[in-house]
Amino acid sequence: MNVSVAQFQHLSFAECLQREGVCLRRDFIHTVQINLGRLCNQSCHHCHIDAGPQRTEIMSRETMMLAVEFVRCTGAGTVDITGGAPEMNPNFRWLVQQMTSDKRHVIVRSNLTVLLEEGNEDLPTFLAKQRVEIIASLPCYTEENVDKQRGASTFMRSLEALRKLNALGYGQDDSALTLALVYNPDGPALPPAQEQLESDYKRILGEQYGIAFNRLLTITNSPIGRFASGLRKQNEYNSYCFLLEKAFNPATLCYVMCKEQISISWDGFLYDCDFNQALGLALGNGRPLRLGELSAREIVLQLTGHEITFGPHCFACTAGAGSSCQGALKS
């Protein structure tokens, strides 16, 4: 990749916001994203929190109870459960049941292969009974590319998990069980157009493997964590950051996820997004804010309308068509 700083006017993210006359503030809390820990059965190359089988960080039941109280106080309609592999947290099912009993829309972000781990045989059925939406990582429709990113045999094991979900009704046109797949670029590049890539995924996965799903989300890799380490080893970190800056699209600023979402870390701290959580960037009040320090209501009052903490990594969310936990921001 040959992207020269001289090819465009180099501005910081703060300067881009100033140029556009935009002050990023949280409008309201529509979604609470809860990170249950960094323990995972995979060690993906693009992981921004360096999750893996050897990680010990995991959300306790006590912190989870505080998170449930916080969600209820916000009135958020959606709870987005992530990790690591969130299913590996021993209290995962308890949290899902708490949130679905409140009639909230629950999203579980799964790497698929965890559904095949010993002891998880009934997990797909549990998720279907709880009627949660599954957002599943499948960074390509070819075996070679998936295994390159996620490890040997991951593609075929992912297909096995997808077939189990399809058999329960996930991804089927006549079912209310939603299954979304996630595409991440293999290297230092922006994702292709989401709609066209979704069409390709559906055609190839359907024709060659009999897999059905509802929608595809394209997510730009953020230059942090394990992905950043890989870029530095290949001497591509600077050129990738320049690419993101060059592709800055001000039209995405109205739709960035941090305007209506809050992220809770495995140890109960609150962040503007999962990427800020990975970097340890405190909220706009300048100090770490942790569940239990104040009442849930007091915390909610502090967060609503608060200015969002940002940094150079935010160019990943605003480049090209934009990127969020729900995929591209603009067609």
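Side notes on the structure shown:
- Within the stretch 296-313, considering residues that are in contact with a Phe, Trp or Tyr (Cβ under 9 Å, 6 or more places away or on another chain) and either part of a helix (DSSP H, G or I) or among the charged types (D, E, K, R) (or both), the one farthest from VAL71 (Cα to Cα): PRO312
- Subset of the stretch 117-128 that is out of contact with any helix residue (DSSP H, G or I) (no Cβ under 6 Å at 6 or more places or on another chain), part of a helix (DSSP H, G or I) and not hydroxyl-bearing (Ser, Thr, Tyr) - its residue that is least open to solvent (accessible area, probe 1.4 Å): LEU127
- Number of positions in the stretch 190-207 that are without any contact (Cβ under 8 Å) to a residue 40 or more places away in the chain and either closer than 17 Å to ASN249 by Cβ or outside any helix (DSSP H, G or I) (or both): 1
- Residue count for the stretch 25-49 satisfying the condition of being surrounded by 16 or more Cβ atoms within 10 Å (Cβ to Cβ), touching a helix residue (DSSP H, G or I) at 6+ places or on another chain (Cβ under 7 Å) and closer than 22 Å to ARG290 by Cα: 10.
- Odd one out for VAL108 among (1) open to solvent by less than 10 Å² (accessible area, probe 1.4 Å); (2) out of contact with any Phe, Trp or Tyr (no Cβ under 9 Å at 6 or more places or on another chain); (3) part of a strand (DSSP E or B): (2)
- Complete set of residues in the stretch 252-305 that are open to solvent by 10 Å² or more (accessible area, probe 1.4 Å) and at positive phi: GLY280, GLY286, GLY292, GLY305
- Top-ranked residue in the stretch 129-165 [being among the polar types (S, T, N, Q), part of a helix (DSSP H, G or I) and buried (at least 20 other Cβ atoms within 10 Å of the Cβ); ranked as modelled with the lowest pLDDT]: GLN149
- Extreme residue, farthest from the chain's Cα centre (by Cα), among residues of the stretch 56-103 that are more than 23 Å from ASN120 (Cβ to Cβ) and of a type in the set (Ser, Thr, Tyr): THR74
- Selection over the stretch 40-66 of residues that are part of a helix (DSSP H, G or I) and either at pLDDT below 80 or of a type in the set (Asp, Glu) (or both) gives a count of 1.
- The sole residue among VAL22, VAL106 that is more than 22 Å from CYS314 (Cβ to Cβ), of a type in the set (Val, Ile, Thr) and touching a residue at least 24 places away in the same chain (Cβ under 8 Å) is VAL106.
- Between LEU190, LEU216, LEU179, the distinction of being surrounded by fewer than 19 Cβ atoms within 10 Å (Cβ to Cβ) and out of contact with any Pro (no Cβ under 9 Å at 6 or more places or on another chain) belongs to LEU190 only.
The values are calculated or read from the model by the stated rules, or taken from the named source; none is laboratory data. Predicted model, so just to flag it, every value in this text is computed and none were measured. All Cβ positions, even for glycine, are placed from backbone atoms using ideal geometry, and neighbour counts span all protein chains on display. What goes into the accessible areas is simple: the full protein's heavy atoms, side chains included, and nothing from ligands, DNA or RNA. Shrake-Rupley method; radii C 1.70, N 1.55, O 1.52, S 1.80 Å.
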